[in-house]
Amino acid sequence: MLLSIETKMGPNVITMRTEVNESKFIELLVHVVNALGHSPRGMATKLNKVLYFCDFAHVRRSGDPITGFEYQKLAQGPAPRAMMPIRNRLVEDGTLTFESTTDAFGYNHHVFSASRDADLTVFSPAELETIEAVTTEIANMSARQV
């Protein structure tokens with residue numbers, strides 16, 4: 001799989017070879033869900049953005065992404081292309097649950113929770129450092145602020 005990253009400086013595109021690591025993606029997803037907690041600020045949009053920032057902050061730090069997953073541009077921000085099938089599978093097996101609610105303004109919110117802690121042994125120390133830096137910085141922000 002090829003991962004292309006466009007720089008903000010112009011039309012230059014950096015292409016690197018990377019492999020998709022589904023087990024790291026799943027553990028990152030579980031870890032981020034646990035880090036965000038049950039607050040309304042732990043919505044699906046914010047979850048997608050945190051996953052994106054973990055991967056791309058690590059690209060900036062080390063030159064390689066954590067999961068190797070491809071992200072797509074959506075109206076509310078970036079999201080992993082494979083998010084829905086993996087999320088649905090994790091809901092089916094009981095690893096994740098989510099509650100869908102509508103607030104007083106008519107907005108739908110999806111709050112996630114995980115039934116277990118993430119297996120952090122799949123990550124290198126540098127990856128864990130990136131993940132913790134991103135989740136700590138973003139934890140108290142809304143999806144819009146992220």
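The values are calculated or read from the model by the stated rules, or taken from the named source; none is laboratory data. The model shown is predicted, which means the values in this text are computed figures rather than measured ones. Counting neighbours? That spans all protein chains shown, and the Cβs are built from the backbone with ideal geometry, glycine included. Each accessible area value is taken on the protein alone, full model and side chains, heavy atoms only, with ligands, DNA and RNA left out. Shrake-Rupley method; radii C 1.70, N 1.55, O 1.52, S 1.80 Å.
Put a plus charge on the Cβ of each Lys and Arg, a minus charge on the Cβ of each Asp and Glu, and nothing anywhere else: the dipole of the range 51-101 about its Cα centre is then about 220 debye. Backbone N atoms of the range 61-85 closer than 16 Å to the 7 Å Cα→Cβ label point of Asn108 belong to residues 75-77, 84-85. Length gained on full extension, Leu74 to Asn88, computed as 0.36 nm times the residue gap minus the Cα-Cα distance: 3.1 nm. For the pair Arg116 and Asn34, label points projected 7 Å from Cα toward Cβ lie 1.1 nm apart. Accessible-area rank, largest first, for Tyr107, Tyr71, Tyr52: Tyr107, Tyr52, Tyr71, with all protein chains present and a 1.4 angstrom probe.
Each residue, Arg81 and Thr97, gets one label point 7 Å from its Cα in the Cβ direction; the gap between the two is 3.3 nm. Within the straight-line cut-off of under 16 Å between alpha carbons, the aspartates and glutamates reachable from Lys73 are Glu6, Asp55, sequence neighbours fewer than 8 places apart in one chain being disregarded. When the solvent-accessible area of the range 34-114 is split by element, carbon and sulfur atoms take up 52 percent of it, the probe being 1.4 Å.
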